[in-house]
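One structure follows; several queries about it will come next.
The values are calculated or read from the model by the stated rules, or taken from the named source; none is laboratory data. For clarity, every value in this text was computed on a predicted model and none was experimentally measured. When we count neighbours, we look across all protein chains shown, and the Cβ atoms used for this are built from the backbone with ideal geometry, even at glycine.
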Amino acid sequence: MISFLDFVLLSLAVWQALEIWHHGEIFRTWRESVRFCRFENISYLSQCMFCLSVWAAFALVLANTFLLGQLFILVLAVSRTANLCNDVFYSFCRTPKDDSDVEGTEETN
């Protein structure tokens with residue numbers, strides 16, 4: 001059985017892994033090659049985030065049994081948490097808020 005902390009970290013890691021697969025530029029070529037795969041089921045499963053989450057969770061739970069896998073999971077979880085914080089606090093703590101807040105950026109005539 002896994003601890004509650006492991007469950008939270010694994011959940012965040014799966015979420016981040018799916019976000020990277022679905023939106024990451026680094027995987028664009030792979031996504032496109034799988035998307036147009038001649039095996040329709042593989043193509044569908046790679047594009048369905050609900051379907052893919054099961055396999056990503058399976059892989060990460062297995063990875064959690066190894067030290068290097070645990071590090072990978074932690075990195076994904078921290079990255080997802082940072083992205084969530086950015087989404088939540090973006091509107092009132094983004095620095096600089098606009099170009100006029102930065103010293104030396106004001107145009108002089």
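Under 8 Å between Cβ atoms, which residue pairs at least 6 apart in sequence (or on different chains) link something in region 81-106 that is surrounded by 10 or more Cβ atoms within 10 Å (Cβ to Cβ) with a partner that is at pLDDT 70 or above and not polar (S, T, N, Q)?
As it stands, the answer is 81/12; 83/19, since those pairs meet every condition given.
Inside region 27-49, can you point out the residues that are among the charged types (D, E, K, R) and surrounded by 13 or more Cβ atoms within 10 Å (Cβ to Cβ)?
31
In addition: Among the residues of region 65-77, are any in a helix (DSSP H, G or I), among the β-branched types (Val, Ile, Thr), closer than 15 Å to residue 16 by Cα and modelled with pLDDT of 95 or more?
Checked against the condition, which is being in a helix (DSSP H, G or I), among the β-branched types (Val, Ile, Thr), closer than 15 Å to residue 16 by Cα and modelled with pLDDT of 95 or more, region 65-77 yields at least one hit.
Considering 52, 74, which residue is surrounded by 12 or more Cβ atoms within 10 Å (Cβ to Cβ) and more than 16 Å from residue 5 (Cα to Cα)?
52
A further question follows. Check every one of the helices (runs of 4 or more DSSP H) wholly within region 4-52 and list those with 2 or more residues that are of a type in the set (Phe, Trp, Tyr) and either within 12 Å of the chain's Cα centre (by Cα) or within 24 Å of residue 87 (Cβ to Cβ) (or both).
Fully inside region 4-52 and qualifying: 4-23.
Restricting attention to region 6-22, does a residue exist that is among the acidic types (Asp, Glu), at negative phi, surrounded by 14 or more Cβ atoms within 10 Å (Cβ to Cβ) and modelled with pLDDT of 95 or more?
Yes: one or more hits.
Right, another one. May I ask you to list pairs of residues, at least six apart or on different chains, whose Cβ atoms are under 9 Å apart, with the first in region 1-22 being under 21 Å from residue 45 (Cα atoms) and the second being outside any helix (DSSP H, G or I)?
Listed by first residue and then by second, the contacts come to 10/2; 10/64; 13/64.
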